[in-house]
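Working notes, structure below.
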Amino acid sequence: MFNSPVSRTVEEAQAELLAQLLPLPVEHVALTAAVGRTVAEDILATEHIPPFANSAMDGYAAQAADLVGASPSAPATLAITAHVPAGAASEHAVVPGTAVRIMTGAPLPPGADVVVPFEATDEVEHPGVASDTVKIFTAYPPQSHIRPAGEDLQPGALVVARGTVLHPGHIAALATVGAAHVPVFRRPRVAILATGDELVAIDQTPDRGQIRNSNSYAAFAQVLEAGGEPLLLPIARDTEADLLARIHMALDLGADLFVTSGGVSVGDYDVVRQVLTAHGTMTFWRVRMRPGKPIMVGMLHAVPLIGLPGNPASAMVCFELFARPAIRALAGCSAVLRPTVPVQLLDHAVVQADRRQYLRVRVAASATGLQARLSGAQGSGITSSLARANGLLVVEAGSATVHPGAVLPALLLAEPFAGG
Ligand code: AMP
Ligand code: MG
């Protein structure tokens with residue numbers, strides 16, 4: 001019988017797992033394929049953005065000194081000497097007593113130090129009618145409605161830091177600096193291996209004693225959500241030979257991480273534990289948490305292995321706490337762990353006080369902050385409460401009862417629901 005190492009806290013176990021993992025090699029992808037990927041290098045601006053001073057409004061480029069004292073009853077009248085649409089540039093200088101008609105984004109003509117929006121001119125009184133002069137009804141200080149060169153980014157400024165998972169805002173900034181291709185870490189290929197003699201495929205009708213393999217599909221979705229590439233392998237029966245055959249299939253597919261489910265406790269058919277101890281190295285196999293104490297972490301053929309427990313809720317919670325950070329570490333993310341946020345529990349919860357517990361909850365936004373209710377029964381085999389949950393509430397060991405109104409840390413697995 002395997003001599004079990006001392007069990008760890010979740011944080012100790014996470015640190016031990018993550019210490020074994022390095023980011024995967026770098027590849028270059030088109031910007032259209034970069035959302036959700038992790039940037040592999042600091043991306044710096046190489047030029048001024050915007051590259052030239054330009055107009056922030058449709059209006060007239062002028063000299064602020066000509067507008068001093070302008071009002072509806074005493075407008076400043078300026079001669080229009082040129083028109084500059086966006087995309088064009090005028091070298092026609094603005095001199096005292098003149099203005100250049102200018103569109104948003106067009107380069108500021110030399111000599112101008114202000115843009116007067118159409119709304120402050122007589123343009124609105126006869127739109128589209130060509131005129132030689134413009135009346136201006138409002139004075140503006142110099143630099144009004146002008147976007148200076150480099151207002152957004154200066155050469156050398158950090159646009160996106162290495163380790164950032166790109167969201168649409170990053171894509172906007174990268175497009176602005178002309179990053180048509182982006183260096184990103186390769187997506188981790190994650191082999192999903194369910195073990196169990198009792199398992200049947202999800203499109204089969206289970207006989208007595210059999211159940212559908214749900215864990216592989218849950219893990220598949222979680223791998224995608226974490227930024228990995230799932231490799232769904234056929235169910236392994238509870239024999240060393242069968243599991244090893246699946247492991248070799250996964251190696252042939254280039255797996256960067258094995259995620260197994262089932263076969264990690266101390267029952268008679270705990271095949272993942274057997275394979276890992278006989279053919280690899282076991283880093284640890286117990287963590288002080290509920291659900292999911294018998295999580296197993298090790299290395300097999302130089303590939304990290306995370307052995308999730310078989311019970312579906314345990315498997316999903318352990319995936320969230322261990323496999324997701326591992327995938328993000330392999331993907332080179334600088335923030336691998338999800339932050340916890342304070343959430344007020346509205347229900348009364350009774351838990352076992354011996355270990356930290358993760359409660360499945362429905363978190364909703366309210367005017368006073370995030371609030372949660374239990375999403376249903378909390379047994380480790382219950383999946384209906386997983387379907388309803390968007391968060392995991394963390395109840396530390398030692399507290400057997402959580403009273404309504406208690407504020408506890410929570411992991412948000414999805415957006416909070418809209419509150420009432
Ligand atoms: P085990 O850790 O292999 O003893 O499994 C613990 C419990 O989880 C048993 O009730 C199994 O039937 C169940 N289980 C194991 N693997 C899966 C799976 N892939 N999908 C759904 N339930 C599973
Ligand atoms: Mg099993």
Query raised in the report: When you go through ALA191, ALA219 one by one, which is the residue that is within 16 Å of ligand 2 (Cβ to nearest atom), open to solvent by less than 10 Å² (accessible area, probe 1.4 Å) and in the same structural domain as GLU320 (by TED's automatic domain parsing)?
Result: ALA219
Report summary line: Matching residues in segment 335-365 (surrounded by 15 or more Cβ atoms within 10 Å (Cβ to Cβ), among the small types (Gly, Ala, Ser) and more than 23 Å from the chain's Cα centre (by Cα)) number 1
Requested in this report: Answer yes if at least one residue in segment 5-13 is modelled with pLDDT under 95, open to solvent by 20 Å² or more (accessible area, probe 1.4 Å) and of a type in the set (A, V, I, L, M, F, W, C), and no otherwise.
Outcome: yes
Report summary line: Filtering segment 78-99 for residues that are among the polar types (S, T, N, Q), within 18 Å of ALA139 (Cα to Cα) and either open to solvent by 40 Å² or more (accessible area, probe 1.4 Å) or part of a loop (DSSP other than H, G, I, E, B) (or both) leaves a count of 0
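This table checks each residue for (1) over 30 Å from LEU24 (Cα atoms); (2) touching a Pro at 6+ places or on another chain (Cβ under 9 Å).
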{"position": "ALA323", "(1), (2)": "no, no"}
{"position": "VAL343", "(1), (2)": "yes, yes"}
{"position": "HIS348", "(1), (2)": "yes, yes"}
{"position": "TYR358", "(1), (2)": "yes, yes"}
{"position": "ALA365", "(1), (2)": "yes, yes"}
{"position": "ALA377", "(1), (2)": "yes, no"}
{"position": "SER385", "(1), (2)": "yes, no"}
Query - Candidate set: segment 54-65, residues that are in contact with a strand residue (DSSP E or B) (Cβ under 6 Å, 6 or more places away or on another chain) and surrounded by fewer than 22 Cβ atoms within 10 Å (Cβ to Cβ); chosen: the one farthest from VAL165 (Cα to Cα) - result: ALA64
**Report entry** Search result, residues across segment 280-328 that are open to solvent by less than 10 Å² (accessible area, probe 1.4 Å), away from ligand 2 (no atom under 16 Å from the Cβ) and either over 14 Å from VAL259 (Cβ atoms) or in contact with a Cys (Cβ under 6 Å, 6 or more places away or on another chain) (or both)
**Finding:** PHE284, VAL287, MET289
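Might you check whether a residue that is under 25 Å from GLY36 (Cα atoms) and assigned to a loop (DSSP other than H, G, I, E, B) occurs anywhere in segment 132-145? Full working, then the answer.
Pass one, segment 132-145, residues under 25 Å from GLY36 (Cα atoms): none.
Looking through segment 132-145, none of the residues is under 25 Å from GLY36 (Cα atoms) and assigned to a loop (DSSP other than H, G, I, E, B).
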**Report entry** Criterion (over 20 Å from GLN210 (Cβ atoms), more than 9 Å from ligand 1 (Cβ to nearest atom) and of a type in the set (Ser, Thr, Tyr)) met by exactly one of THR239, THR283, THR260
**Finding:** THR283
Query raised in the report: Being touching a residue at least 60 places away in the same chain (Cβ under 8 Å), surrounded by 12 or more Cβ atoms within 10 Å (Cβ to Cβ) and at positive phi, is that true of even one residue in segment 125-142?
Result: no
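The values are calculated or read from the model by the stated rules, or taken from the named source; none is laboratory data. From a predicted model like this one, the values you see are computed outputs, not experimental measurements. Backbone-built Cβ (ideal geometry, glycine too); neighbour counts: all protein chains shown. These area figures cover heavy atoms from the full protein model, side chains too; ligands, DNA and RNA do not enter into them. Shrake-Rupley method; radii C 1.70, N 1.55, O 1.52, S 1.80 Å.
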